[in-house]
Amino acid sequence: VPLQASGGGVVQAGGYLRLSCAASGTTFSLNDMGWYRQAPGKQREVVATVGREGSTYVADSVKGRFTISRDNIKKTVSLQMNSLKPEDTAVYYCNARRTDFGGLDAWGRGTQVTVSS
């Protein structure tokens, strides 16, 4: 399942960005989708996920600032990031995952988000 992420960039603290991940294939609606990030020298961490049924999870570090959403018709998952902080600087990755229907754990190329202070 090719995943194409876009929307990264450089923004000042307090600003906003919207990341989008476009998926191809016919199984998008079967997948749990998520955004992860990896800062230099740190492990990759989950930012937010949205399940196939629409339930969402948002990490405590971004709760109240980031919102994840999916569009099963357009086969996209988006991450609206508001009130960005320098500590949000990282490479952000899109993930598609399912444990049934043959299983899947696919990652897109990352998109760089840099928040300047």
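The values are calculated or read from the model by the stated rules, or taken from the named source; none is laboratory data. Every value quoted in this text rests on a predicted model; they were computed, and no experiment measured them. Cβ: placed from backbone, ideal geometry, glycine included. Neighbour counts: every protein chain shown. With ligands, DNA and RNA removed, areas are computed over all heavy atoms of the protein, side chains included. Shrake-Rupley method; radii C 1.70, N 1.55, O 1.52, S 1.80 Å.
Here are the numbers for the structure shown:
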| item | result |
| --- | --- |
| Candidates 84, 79 - the one that is under 30 Å from residue 117 (Cα atoms), among the aliphatic types (A, V, I, L, M) and not in a strand (DSSP E or B) | 84 |
| Selection from the stretch 18-54 of residues that are under 12 Å from the mean Cα position of the chain (by Cα) and of a type in the set (A, V, I, L, M) | 19, 22, 33, 46, 47, 48, 50 |
| Failed item, numbered, when residue 89 is tested on (1) open to solvent by 40 Å² or more (accessible area, probe 1.4 Å); (2) at pLDDT 95 or above; (3) among the polar types (S, T, N, Q) | (1) |
| Residues located in the stretch 1-49, provided they are modelled with pLDDT of 95 or more, aliphatic (A, V, I, L, M) and in contact with a Gly (Cβ under 7 Å, 6 or more places away or on another chain) | 17, 19, 46, 48 |
| Qualifying residue in the stretch 21-38 (condition: in contact (Cβ under 8 Å) with a residue 12 or more places away in the chain and in contact with a helix residue (DSSP H, G or I) (Cβ under 9 Å, 6 or more places away or on another chain)) | yes |
| The listed residue being over 20 Å from residue 107 (Cα atoms) and assigned to a strand (DSSP E or B), out of 47, 91, 11 | 11 |
| Residue check for residue 100: within 29 Å of residue 27 (Cβ to Cβ), open to solvent by 40 Å² or more (accessible area, probe 1.4 Å) and assigned to a loop (DSSP other than H, G, I, E, B) | yes |
| Selection from the stretch 27-44 of residues that are farther than 21 Å from residue 1 by Cβ and either among the β-branched types (Val, Ile, Thr) or open to solvent by 80 Å² or more (accessible area, probe 1.4 Å) (or both) | 40, 41, 42, 43 |
| Number of the exception - residue 72 against (1) open to solvent by 40 Å² or more (accessible area, probe 1.4 Å); (2) touching a strand residue (DSSP E or B) at 6+ places or on another chain (Cβ under 8 Å) | (2) |
